[in-house]
Amino acid sequence: MRLNEFLNIKYPIIQGGMANIATGEFAAAVSNAGGLGLIASGGFDAERIREEIKICRLKTDKPFGVNLMLMNPDVDNIAKMLVEEKVDVITTGAGSPEKYVDAWKEVGTKVIPVVSSVALAKRMERMGVDAVIAEGGESGGHVGEMTTMALVPMVVDAVEIPVIAAGGIADGRQMVAAMALGAIGVQVGTCLLVAEECPIHENYKLAVIKAKDNGTVVTGRSSGAPVRVIKNNMAREYLKLEGQNVPREELEQLTLGSLRKAVIDGDAKMGSLMAGQVCGLIKEIKPVAKILEELYEGAKEELSKLYQASI
Ligand code: TUI
């Protein structure tokens with residue numbers, strides 16, 4: 001079964017969480033364009049997310065979801081609020097949703113955690129989740145160690161539930177590759193940063209377009225809070241702080257605080273511009289509908305080329 005049938009959407013494409021970026025309005029734009037839009041919870045409290053869910057429901061009649069960032073200080077309240085709101089889908093990131101899965105499943109929500117290892121994927125399957133998103137370290141934001149190319153087929157072999165691929169996917173070639181690895185669909189984030197509807201400062205979008213193949217870096221590897229961002233003064237400063245025994249929580253706050261600086265103020269030098277390695281493939285700002293259509297149609301075209309060429 002393909003992800004679009006599984007979620008009752010047009011394209012087998014889920015939007016990534018994108019803390020401080022993916023509002024209800026943006027998630028609705030993604031869902032209206034045929035993907036699964038997600039409201040991000042990183043940086044928001046439970047009541048703010050409830051408001052965003054309301055906005056999303058006003059702006060779309062298509063399925064949408066919420067991404068629960070498990071390091072959010074208000075995580076317990078958000079998890080409880082999500083039981084009340086009965087959203088279509090909950091994806092989770094940056095931790096294990098163990099405590100909450102049963103309550104969400106009971107109200108009919110599809111639960112799809114992001115995992116960065118085979119062991120986590122198996123643990124999630126035992127918990128009774130509906131699918132997992134196997135996310136490679138090419139992605140933006142909080143990252144694991146494995147690459148998408150290595151992780152996805154290992155997770156596909158290790159679990160019976162459907163697997164969605166994420167990390168390093170921005171065009172049709174990469175989408176076909178993800179399906180060839182056994183994924184039923186993909187999750188994308190970086191290519192949506194440059195959507196016209198994406199509510200980030202234009203400087204952030206321009207930095208994504210300007211970044212080349214080596215334009216991102218992972219900060220926080222040594223302190224246990226690895227986050228991929230566009231290389232700038234902030235990233236260099238963070239890397240320096242890491243060597244000075246600054247507590248993990250403080251570094252996380254620094255990252256989230258400076259994420260807002262990038263998203264709202266457009267501070268491309270001192271803001272934390274979370275983005276994946278695929279930045280180098282992204283060339284222009286476009287409507288979200290065009291980004292999703294080109295990704296899907298591009299994948300179909302690449303697949304037929306592969307079929308004709310054989311190997
Ligand atoms: O969550 C993400 N990406 C994110 S979250 C985020 S907000 C943030 N801001 C500042 C500091 C940190 C985060 C930005 N980007 N991706 C999904 C993901 N989840 N990747 C890896 C994991 C993961 C890691 C550990 C999932 C589960 C896990 O479990 C640990 C355990 O054993 O409980």
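Structural remarks
- Filtered residues of the range 215-245 (kept if open to solvent by less than 20 Å² (accessible area, probe 1.4 Å), assigned to a helix (DSSP H, G or I) and more than 18 Å from Leu193 (Cβ to Cβ)): Tyr238
- Residue under evaluation Ala94, criteria (1) touching a Ser or Thr at 6+ places or on another chain (Cβ under 7 Å); (2) at pLDDT below 95, criterion not met: (1)
- A residue that is in contact (Cβ under 8 Å) with a residue 40 or more places away in the chain and part of a strand (DSSP E or B) occurs nowhere in the range 147-160.
- From the options Asn8, Asn4, Asn32, residue that is out of contact with any Phe, Trp or Tyr (no Cβ under 9 Å at 6 or more places or on another chain), more than 27 Å from His201 (Cβ to Cβ) and not hydroxyl-bearing (Ser, Thr, Tyr): Asn8
Each row is one residue, and each column tells you yes or no for (1) modelled with pLDDT of 90 or more; (2) not charged (D, E, K, R).
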position	(1), (2)
Arg228	yes, no
Asn232	yes, yes
Pro247	no, yes
Ala262	yes, yes
Ala268	yes, yes
Ala275	yes, yes
Tyr296	yes, yes
Leu306	yes, yes
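- Test for Val263: is it more than 9 Å from the ligand (Cβ to nearest atom) and within 22 Å of the chain's Cα centre (by Cα): yes
- Top-ranked residue in the range 42-73 [being in a loop (DSSP other than H, G, I, E, B) and within 12 Å of the ligand (Cβ to nearest atom); ranked as farthest from the chain's Cα centre (by Cα)]: Pro73
- Among the residues making up the range 85-129, those that are more than 8 Å from the ligand (Cβ to nearest atom), closer than 15 Å to Leu38 by Cβ and open to solvent by 10 Å² or more (accessible area, probe 1.4 Å) are Glu85, Asp88, Lys110.
Yes/no per residue for (1) modelled with pLDDT of 95 or more; (2) among the hydrophobic types (A, V, I, L, M, F, W, C); (3) open to solvent by less than 40 Å² (accessible area, probe 1.4 Å):
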site	(1), (2), (3)
Ala27	yes, yes, yes
Ala33	yes, yes, yes
Leu36	yes, yes, yes
Glu47	yes, no, no
Phe64	yes, yes, yes
Asp74	yes, no, yes
Lys80	yes, no, no
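- Single residue of Gly140, Gly168 found to be open to solvent by 10 Å² or more (accessible area, probe 1.4 Å), within 16 Å of the ligand (Cβ to nearest atom) and within 19 Å of Ser41 (Cβ to Cβ): Gly140
- Only one entry of Ile14, Ile39 meets the criterion of being within 13 Å of the ligand (Cβ to nearest atom) and in contact with a strand residue (DSSP E or B) (Cβ under 7 Å, 6 or more places away or on another chain), and that entry is Ile14.
The values are calculated or read from the model by the stated rules, or taken from the named source; none is laboratory data. Just so you know, these numbers come straight off a predicted model, no measurement behind them. As a convention, Cβ positions derive from the backbone with ideal geometry for all residues, glycine included, and neighbour counts pool all protein chains shown. Only protein heavy atoms, including side chains, enter the accessible area calculation; ligands, DNA and RNA are left aside. Shrake-Rupley method; radii C 1.70, N 1.55, O 1.52, S 1.80 Å.
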